[in-house]
1. I want to confirm something. Restricting to the stretch 55-78 and keeping residues that are assigned to a helix (DSSP H, G or I) and exposed (fewer than 14 other Cβ atoms within 10 Å of the Cβ), which single residue is nearest to the chain's Cα centre (by Cα)?
2. Given the options Val274, Val297, Val258, Val284, name the one that is farther than 18 Å from Phe151 by Cβ, assigned to a helix (DSSP H, G or I) and of a type in the set (A, V, I, L, M).
3. Could you tell me which of the residues Ile214, Ile280 is of a type in the set (Val, Ile, Thr) and crowded, with 20+ Cβ neighbours inside 10 Å?
4. Within the stretch 135-146, work out how many residues are surrounded by 24 or more Cβ atoms within 10 Å (Cβ to Cβ) and either aliphatic (A, V, I, L, M) or assigned to a helix (DSSP H, G or I) (or both).
5. Just checking, does the stretch 179-191 include any residue being closer than 28 Å to Ser159 by Cα and in contact with a Pro (Cβ under 6 Å, 6 or more places away or on another chain)?
6. Out of all the residues in the stretch 65-85, is one or more free of Cβ contacts under 8 Å to residues at least 12 places away in the same chain and closer than 14 Å to Gly199 by Cα?
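Since every read-out is calculated from the coordinates, none of them should be taken as a lab result. For clarity, every value in this text was computed on a predicted model and none was experimentally measured. Cβ coordinates were reconstructed from backbone atoms using ideal geometry, including for glycine residues, and neighbour counts include every protein chain displayed.
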Amino acid sequence: MISIIVAFVISMLLCYWLKSSGLATCFRDEPNGRSLHQAVVPTIGGLAIVSGIAVGWSLCEVFYVELIWVISAIAVVMLISVLDDLREVSPLLRIFFHIVAAIILVLGLMPQESFLIFFFIFSSVWMINLYNFMDGMDGFAGGMAFVGFLFVALAGWLSGHEYYALYALIIVASVTGFLLFNLPPAKIFMGDVGSTSLGVLVAAFSLWGIHDQIFPIWFPILTFSPFIMDATVTLLRRTVNRERIWEAHCTHYYQRLVKLGWGHKKTVLIEYAVMFAAGISSLVLLMLDSDMLMIVVFSLWGIFYFWVDVVVRKLECKAP
């Protein structure tokens with residue numbers, strides 16, 4: 001348990017220091033027309049998250065070789081993220097680095113279904129970018145990581161993979177240290193370094209879990225579905241409307257709810273409830289192992305997400 005506590009403390013102390021350090025003047029987010037915040041906020045919190053995870057993992061008694069691939073992929077996305085924060089790089093260069101990171105993950109952690117190699121590379125790239133897209137509201141991306149990896153850890157523990165569960169809990173602990181300063185009103189953001197690193201971790205632990213038969217492929221999809229659905233539907237809608245999908249915008253469902261007057265606190269609390277419901281659904285399905293129940297649950301979640309789209313559109317029509 002020491003590694004979990006240390007990860008939390010390292011992340012918390014670093015966030016406390018970084019939010020008012022000299023680095024905060026170099027890495028900060030100034031409000032614009034697409035922002036949901038009103039004040040300048042430092043975007044260096046991702047460094048605290050990654051540092052907490054790194055120290056926590058280093059204290060574990062067993063170090064699995066799989067972590068080498070994960071750490072390598074994180075290093076790749078952190079490099080391009082730092083460069084992008086210091087000097088904006090082209091979307092093509094960013095996506096190239098993300099593809100390299102995804103290939104590293106798939107080479108080291110690819111599930112036995114090797115014929116799905118291109119699907120796993122694509123989904124890993126999408127998860128890296130998805131987390132970047134969805135990091136736009138106080139406490140949101142960090143909360144998804146907290147809830148998602150908590151249920152990933154529970155799945156590992158229930159299957160007898162204690163160290164897999166421990167590695168996931170260290171991520172939870174480090175994110176918790178960050179969330180203390182990121183909950184509304186946020187005093188620090190995770191920035192691209194944090195969001196892309198968490199995207200890598202989601203992809204990595206999903207691939208690892210499928211490879212070691214801790215859970216089937218649908219488990220991480222349902223567990224992280226609140227993020228996946230919002231980002232995917234928004235991207236498809238913007239593509240159909242011929243918008244530049246690589247440019248910043250404020251048309252995600254959570255952004256639209258905040259702008260409708262719900263505010264950060266109300267919106268993020270409802271999102272947390274949806275995240276926990278998705279995680280509980282995944283865990284129950286995993287334990288009961290019923291194909292019929294899985295069809296019913298996935299159908300209900302599909303209906304729910306469709307209902308969310310309808311409700312948000314109606315609220316926007318009624319808005320002055």
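1. Going through the qualifying residues, I end up with Ile68.
2. That would be Val258, the only listed residue that is farther than 18 Å from Phe151 by Cβ, assigned to a helix (DSSP H, G or I) and of a type in the set (A, V, I, L, M).
3. None of the others qualify; the one that does is Ile214.
4. 5
5. No, the stretch 179-191 contains no residue that is closer than 28 Å to Ser159 by Cα and in contact with a Pro (Cβ under 6 Å, 6 or more places away or on another chain).
6. Scanning the stretch 65-85, I find at least one residue that is free of Cβ contacts under 8 Å to residues at least 12 places away in the same chain and closer than 14 Å to Gly199 by Cα, so the answer is yes.
Yes/no per residue for (1) among the small types (Gly, Ala, Ser); (2) more than 25 Å from Arg256 (Cα to Cα); (3) in a helix (DSSP H, G or I); (4) touching a His at 6+ places or on another chain (Cβ under 7 Å):
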{"residue": "Ala168", "(1), (2), (3), (4)": "yes, yes, yes, no"}
{"residue": "Ile171", "(1), (2), (3), (4)": "no, yes, yes, no"}
{"residue": "Pro184", "(1), (2), (3), (4)": "no, no, no, yes"}
{"residue": "Ile221", "(1), (2), (3), (4)": "no, no, yes, no"}
{"residue": "Thr232", "(1), (2), (3), (4)": "no, no, yes, no"}
